[in-house]
Every structure is written in structure tokens, then in C-alpha cells.
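Q: Below is the structure I would like to discuss, written out as C-alpha cells.
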Amino acid sequence: MSDARLSSLDTLRLSQSLSHNDAQSTPLDSQSNRPSASKTESKTDHFGFLEVQSGTDPVVEQVPQLLHVLAAHLAFPASIVAIHGLQGHREKTWTTEDGDLWLRDLLRTDIPNARVLLYGYDADTRSRECVSTQTMRRHAEKLAQALSRVRKDARRPIIFVAHDLGGIILKWALVICHNESLTSKSGLRDVVVSTHGILFFGTPHSGLENTNILEGINLLASVYMETTDNIIKDLRSNSAELENIQSLYVAASEKINSIFFYAEYATSGIGNRGDLVSGFPITNT
């Protein structure tokens, strides 16, 4: 595994932007990706599949999958898959305050033929609607299965963009794919073989500090909304779950290039530089 360390003011701003968007609850209009005037949709509406062709007006088609295809340009030999973090949202995590979904709107200029997919899952620890009781392992299984189903070419390279908890879920998913039998026809093994690179944005590989604060917030919020501490408990600093994931991931990621983005200035509760790159060889650049 090769690794590069990137830290700059721009990285800090991007990390803050991602965290800000993960905390937003304002719904987006399904056609324009702009904030909607009223919240009439369910959050489960964003666990579906959406495909938009470049150069034409967006054509929305819902199919029962857990991946969100924003642009399918098969001339570029790679797929870019983005996975949001804790309290995140399939689209809003990657949307600017001006309403631009940069993984689609900006990448379209630089790599116009890339296929871009956003993965949506229930990462809420509190919600007025409902919360998932599923574990990180179960979320990872669903991600692995969804990837194997959505791929049109088993040889097509994959580049992942993972924020926060999304990086942990991704590592689990790649371990699951790596452990699949070589003779299996499920397509899971092809996913990890095709993974060429991962960009980790603020992923707490060694866990979060002060998870008791998050649990306290959930306790207060439980008076008027649904809450769960399932994932928070597994994200405690140096938890057995995280150590297990990391030890298994080492073998699965031997040929995967990884880049770790983290803020130069510490964010309360997130941990320090070591927590965000722990378990990986570091090359200063």
C-alpha cells in the first residue's frame, strides 16, 4: 500500500465543509439538488439509485439499489464511488452551500467521462423519523453487495472517496470482498481487485475521542426523537471492533493506494493526526 499525507488550509476547509453538510437536515429538490421549500420526503428516499446523463437535462429513474449514480460515462476507465459519514447524507454531504453537488458538477469538467456513484445508507444516530439498529458490519455487507450488483464491467477500476464513518464502512466492505472465494460468481472479489485508490477524509481509524459527549447528546435528544448508540459505541477510541477491522484490512489493501486528508488544526472529539492515519505507513509529502 502506498500512502501520501496531504494537509493544508484547503483540506481544513473541505473537512469543515463536509462536516457541516453532514449535519444539515434541509431536504434537496430531487431534480435540481437545491434545498426544497418543504420537507415532504422520507430519508429512505435517498437510499435508492439515480442516474444522470451528462449533457442533457437530468432524467431520474428509481430502482431498488443502494447506490446513487450521478453520471455514467463509460469512456473513462474508472468509477468514482463516494461514501458519506456519520449523520451524513448521500447528496448533501457533497453539496456546497450554493447547491453545487461538486462530485458531479465539478468533476464533470475535469474528468467528463468518469462514472460517479454516491452511496446512501442510514448513518443517523438520531432522527425525528427513524434510526437504524444495524451494525457497521451489516452496513459494510450491504455496500459490498450493492457494488457487486451495480458494476457493469468487472475489470473497471474503482476510486473511493470516503468521509468519516464512511471510511470504516468501506474498509469492512473490502475485507468482505477480499475474503470471498476465488471461484465465487458473486462479483465481490472483483470489487477489491478493481479498487485502485481510496481518499479518506477525516476517517477516525483508531476511533473517536469523547464519544460520551455524542451519547449524552443522544440521551437528551431521545426525549423528542429516535436515537441509537450502536455505531457510536463501536467508534470509541481503540475499540475492539475498530482494531479487528484494521487488522483484517491490512491484507485486503496490500495493492490499494490510499491518501489521507485531515485538518491541520484539531477538531474536538475527532482525534489527532495519529488517529486519522493510524495503522498505515506514512510518507511525508
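Conditions tested, residue by residue: (1) in a helix (DSSP H, G or I); (2) closer than 19 Å to E91 by Cα; (3) of a type in the set (G, A, S); (4) in contact with a helix residue (DSSP H, G or I) (Cβ under 7 Å, 6 or more places away or on another chain).
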| position | (1), (2), (3), (4) |
| --- | --- |
| Q134 | no, no, no, no |
| A146 | yes, yes, yes, no |
| A154 | no, no, yes, yes |
| A162 | no, yes, yes, yes |
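Q: Would you mind telling me which numbered condition in (1) in a helix (DSSP H, G or I); (2) modelled with pLDDT of 60 or more L219 fails?
A: If we test L219 against (1) in a helix (DSSP H, G or I); (2) modelled with pLDDT of 60 or more, just (2) comes out false.
Q: Looking at the stretch 118-153, which of the residues that are in contact with a Ser or Thr (Cβ under 7 Å, 6 or more places away or on another chain) and modelled with pLDDT of 80 or more is nearest to I231 (Cα to Cα)?
A: Per the stated criteria, the residue is D122.
Q: Would you be able to say whether some residue in the stretch 246-257 is in contact with an Asp or Glu (Cβ under 9 Å, 6 or more places away or on another chain) and either buried (at least 20 other Cβ atoms within 10 Å of the Cβ) or modelled with pLDDT of 65 or more (or both)?
A: From the stretch 246-257, those in contact with an Asp or Glu (Cβ under 9 Å, 6 or more places away or on another chain) are 257; that's our starting set.
Restricting the remaining residues to those that are either buried (at least 20 other Cβ atoms within 10 Å of the Cβ) or modelled with pLDDT of 65 or more (or both) gives 257.
Checked the stretch 246-257: at least one residue is in contact with an Asp or Glu (Cβ under 9 Å, 6 or more places away or on another chain) and either buried (at least 20 other Cβ atoms within 10 Å of the Cβ) or modelled with pLDDT of 65 or more (or both).
Q: Kindly indicate which of D190, D122 is within 29 Å of K233 (Cα to Cα), surrounded by fewer than 24 Cβ atoms within 10 Å (Cβ to Cβ) and not small (G, A, S). Full working, then the answer.
A: On the way: D190 fails: within 29 Å of K233 (Cα to Cα).
The match here is D122.
The values are calculated or read from the model by the stated rules, or taken from the named source; none is laboratory data. All of these numbers come straight from a predicted model, not from anything done at the bench. Backbone-built Cβ (ideal geometry, glycine too); neighbour counts: all protein chains shown.
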